[in-house]
Amino acid sequence: MLEVEAKFAIPDLEKVRARLNKKIVRMTRRQQERDVYYNAPHRDFGETDEALRVRYDDTGFTVTYKGPKVRVGSAKAREEFNLAVASGETLETILSRLGFRRAATVSKVREFYEMGDVTVTLDDVEGLGTFIEIEILTEDDREDAADRIGVIGKELGVDGPPIYTSYLEMLLSTQR
C-alpha cells in the first residue's frame, strides 16, 4: 500500500474545522498519539529516508515501517506497513535488545475526518505547532491521489507550500 499525503502548517485549526463542517464532514475521532522512533544498528534511517516507529494511542499499540519518500506533484508517497502489537513496551524492549536505538519521540493530539477514501487529520504537535494532513492510501494510482489531495486542500482553504519533511525530521532539526 502507498500512503500519498500532503502536509501543511496552519496557524488556525478552527478555520479548517469550520470548512470541514460546512462540507458536512464530521470528526470521527480525536486521540493522543505518542510515536517512538527507532534507528537501525546496520543502517541510518535518516540517510535512507526510512522510518520505524512504535505508536501508542487510544486504540492500542502499532509498529510501523515507512519506506523512502517519493515526490508526487505537491504530495509525497511512501510505502507503509502497520502491525498491531499486544504491548508497545515489550516491542521496544525487543528492538533495544536487537540493537535498535531510540531516535526521538513525537507527541501530538490528532483529529480524524473521513471523506470516503480520504483521511484529513488536524494535528497539534508538541514543540512544532498545528498542521493539516490530507492522505489517501492507494495501490498504484499516486498521481491521481496527489491531484485529488490538491483539490481538497484548496476546498479547505489550505494555502502555503506543502511540507515534505516528517514530524520526526522537523523535531530533530529543531534539536540541532
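The values are calculated or read from the model by the stated rules, or taken from the named source; none is laboratory data. Keep in mind that this is a model prediction, so the values were computed, not measured. No Cβ is skipped: glycine too gets one built from the backbone with ideal geometry, and neighbour counts run over all protein chains shown. SASA here: full protein model, heavy atoms, side chains in, ligands and nucleic acids out. Shrake-Rupley method; radii C 1.70, N 1.55, O 1.52, S 1.80 Å.
A few notes on this one:
- The C-beta contact set for segment 9-23 (first residue in a helix (DSSP H, G or I), second residue surrounded by 15 or more Cβ atoms within 10 Å (Cβ to Cβ) and aromatic (Phe, Trp, Tyr), distance under 6 angstrom, 6+ apart or interchain) comprises LEU20/TYR113.
- Test: residue in segment 83-103 that is at pLDDT 95 or above, part of a strand (DSSP E or B) and under 13 Å from the mean Cα position of the chain (by Cα): no
- Condition check for GLU169: outside any strand (DSSP E or B), within 16 Å of the chain's Cα centre (by Cα) and among the charged types (D, E, K, R): yes
- A count restricted to segment 77-130 and to residues that are in contact with an Asp or Glu (Cβ under 9 Å, 6 or more places away or on another chain), of a type in the set (Val, Ile, Thr) and buried (at least 16 other Cβ atoms within 10 Å of the Cβ) stands at 6.
- Each residue in segment 112-145 was checked for being in a strand (DSSP E or B) and over 16 Å from ARG34 (Cβ atoms), and 18 pass.
- Per-region count, segment 147-159, residues part of a loop (DSSP other than H, G, I, E, B), at pLDDT 90 or above and surrounded by fewer than 16 Cβ atoms within 10 Å (Cβ to Cβ): 1
- Only a single item in (1) over 15 Å from ALA9 (Cβ atoms); (2) without any contact (Cβ under 8 Å) to a residue 60 or more places away in the chain; (3) of a type in the set (A, V, I, L, M, F, W, C); (4) out of contact with any Phe, Trp or Tyr (no Cβ under 7 Å at 6 or more places or on another chain) is not met by LEU172, and it is number (2).
- Checked against (1) open to solvent by less than 50 Å² (accessible area, probe 1.4 Å); (2) on the phi < 0 side of the Ramachandran plot, ARG30 passes all but condition (1).
- Unmet criterion (only one of (1) open to solvent by less than 60 Å² (accessible area, probe 1.4 Å); (2) in contact (Cβ under 8 Å) with a residue 60 or more places away in the chain; (3) in a strand (DSSP E or B); (4) farther than 20 Å from SER173 by Cα) for ARG71: (1)
- The residues of segment 131-146 that are out of contact with any helix residue (DSSP H, G or I) (no Cβ under 9 Å at 6 or more places or on another chain) and surrounded by fewer than 17 Cβ atoms within 10 Å (Cβ to Cβ), listed by number, are GLU139, ASP140, ASP141, GLU143, ASP144.
- Of residues in segment 33-56 being over 14 Å from ALA103 (Cα atoms) and open to solvent by 30 Å² or more (accessible area, probe 1.4 Å), the one farthest from the chain's Cα centre (by Cα): HIS42
- Residues that are among the polar types (S, T, N, Q) and touching a residue at least 40 places away in the same chain (Cβ under 8 Å) within segment 106-164 comprise SER107, THR130, THR138, listed in sequence order.
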